[in-house]
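Chemist: Structure below; questions to follow.
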Amino acid sequence: MPVDEFSAKTVGALSAREERIRRLLLVMALSSVSILALIILFVFREGLPMIWKTGVSAFLLGTRWAPTKGAFGIFPMIIGTLEVTLGALLIGVPLSLLVAVHLSEFAKPLTRAVMKPMIELLAAIPSVVFGFIGVTVIVPFVREWFGGTGFSVLSASIILGVMILPTIISITFEALRAVPASYREGALALGATPWQTAIRVTLPAARSGIVTAVILGMGRAMGETMAVIMVAGNAVVIPTSPLHPCRTLTSNVALEMAYASGDHQKALFATGVVLFVMIFLLNLLAGLLVKRR
């Protein structure tokens, strides 16, 4: 067989194989998207009719949650979710950024090799363990030093602030390491200190990656259930202080889904719809802010 003909057949066989692999990967990608679409479709199909039945304003702005009496107001839980998430971000984001900057810009290779896996190991700790630590350590601490029962928005925010650390730190670290070295070298050549270079050059250059990290951390905090159930107090009231108890949307679903039926169960699905829309809108807002800047 001539060499040219053999080469052409070999190339053709490789191209056909690569095409099959490409199609297989496409199917895998579409299957993941399909699963997400089916979950969204199921939740919305079960929850939206209850929202229309109760009334959008009555469901979202109602302050009374008594499913056995036909009252399905989730406004206190929406406020509780937002307060706990905001508190977690206020605690977790600054600490995460400082740790990521240290690991990326100032830590020695040995220090980085030890600290980074240990931080990532936090993500492997079950949420119930964080909740147990919260009940035995954080709640008594808040009760003794700040007052109240200890089961509060503040306790939940502290626990979630710790739980979102590995997510934000890991993604921020990778974003900082992706900044070209020429940026740092140029800043240092102009007389900037390493700290000024990190704050005024590297961090702004990695802004999109940092925002992505914060969004993922926000989603983790907003969607967390078990740890929040254990330390937040779970009272269906509008928390007007960080020391007041609260109930989040996820906690409400987890606490009541086991025995809910009829309209009660549909209302819990509707709660999931509201949570999904809240996370989507917050992510969309964060993305728009990044593009606008």
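Throughout, read-outs are computed from the coordinates displayed, never taken from laboratory work. Please read these numbers as outputs of a predicted model, since none were measured by experiment. A quick note on method: Cβ atoms are made from the backbone with ideal geometry, for glycine too, and the neighbour counts reach across all protein chains shown.
Chemist: Cα axis of helix 263-292 to longest principal axis of the chain: angle in degrees, 0 to 90, nearest 10?
Modeler: Tilt of helix 263-292: around 50 degrees.
Chemist: At a threshold of 8 angstrom on Cα-Cα distance, excluding pairs fewer than six apart, so keeping six or more, what relative contact order does the chain reach in percent? Could you put the intermediate results ahead of the total?
Modeler: Numbers: 366 pairs, mean separation 76.6, N = 293.
Taking the mean separation of contacting Cα pairs over the length of the chain, I get 26 percent.
Chemist: Go ahead and estimate [θ] at 222 nm for the chain from helices alone: -39,500 (n - 2.57) per DSSP H run with n ≥ 4, summed, over the residue count, rounded to 500. Present the calculation step by step, with values, prior to reporting the outcome.
Modeler: Details: 14 runs with 210 residues, N = 293.
Roughly -23500 deg cm²/dmol at 222 nm, from the helical runs in the chain.
Chemist: How do E83, E19, E256 line up, fewest other C-beta atoms within 10 Å first? Intermediate values should be presented prior to the final figure.
Modeler: Values: E83 22, E19 10, E256 16.
In increasing order of surrounding Cβ atoms, one gets E19, E256, E83.
Chemist: Give the order of W145, W195 when sorted by the count of other beta carbons within 10 angstrom, beginning with the fewest. Let's see the in-between values first.
Modeler: Numbers: W145 8, W195 11.
The order, fewest Cβ neighbours first, is W145, W195.
Chemist: Shape verdict for the stretch 1-140, please, from the Cα gyration tensor: rounded (a/c under 1.5), prolate (a/b greater than b/c) or oblate.
Modeler: On the way: a/c = 3.73, a/b = 1.43, b/c = 2.62.
Oblate shape, in that a/c is at least 1.5 and b/c is the bigger or equal ratio.
Chemist: Quick check on the stretch 100-169: take the gyration tensor over C-alpha atoms, sort the square-rooted eigenvalues as a ≥ b ≥ c, and tell me if it's rounded (a/c under 1.5), prolate or oblate.
Modeler: Prolate, because a/c is 1.5 or more and a/b exceeds b/c.
Chemist: Also: Hey, what angle do you get for helix 165-177 against the long axis of the chain, alpha-carbon based, 0 to 90 degrees rounded to 10?
Modeler: That helix lies at roughly 30 degrees to the long axis.
Chemist: Only Lys, Arg, Asp and Glu count, each charged at its Cβ (+1, +1, -1, -1), so figure out the dipole size of the stretch 144-293 about its Cα centre, rounded to 20 debye. Could you put the intermediate results ahead of the total?
Modeler: Details: 10 positive and 6 negative charges, 128 e Å.
Once rounded to the nearest 20, the dipole reads 620 debye.
Chemist: What is the total of Lys pairs in the chain with C-alpha atoms under 29 Å apart, excluding same-chain pairs fewer than 8 positions apart?
Modeler: Details: K53/K69; K53/K266; K69/K266; K108/K116.
Final tally of qualifying lysine pairs is 4.
Chemist: Once phi is turned into θ = phi - 60°, what whole-Hz ³J(HN,Hα) does the Karplus curve with 6.51, -1.76 and 1.60 give for every residue of the stretch 81-92, x standing for Gly and Pro?
Modeler: 5, 5, 5, 5, 5, 4, x, 4, 5, 5, 7, x
Chemist: Still on this structure, I have one more. Specify which residue in the list S208, A270, A88 is farthest towards the positive end of the charge dipole of the chain, using unit charges on the beta carbon of Lys, Arg (+1) and Asp, Glu (-1), about the Cα centre.
Modeler: After comparing all options, I get S208.
Chemist: Please compute the length gained on full extension between L26 and T63, using 0.36 nm multiplied by the number of residues separating them and subtracting their Cα-Cα distance.
Modeler: Details: separation 37, 0.36 × 37 = 13.32 nm, distance 4.66 nm.
Computed gain between L26 and T63 is 8.7 nm.
Chemist: Match the structure shown to one of the listed values (i) 24.4, 88; (ii) 18.9, 56; (iii) 18.0, 53 of Rg and Dmax of the Cα atoms in Å, computed from it, and give that label.
Modeler: (i)
Chemist: Based on Cβ point charges of +1 for Lys and Arg and -1 for Asp and Glu, what charge dipole magnitude is obtained for the chain about its Cα centre, in debye rounded to the nearest 20?
Modeler: In debye, rounded to 20, the chain gives about 340.
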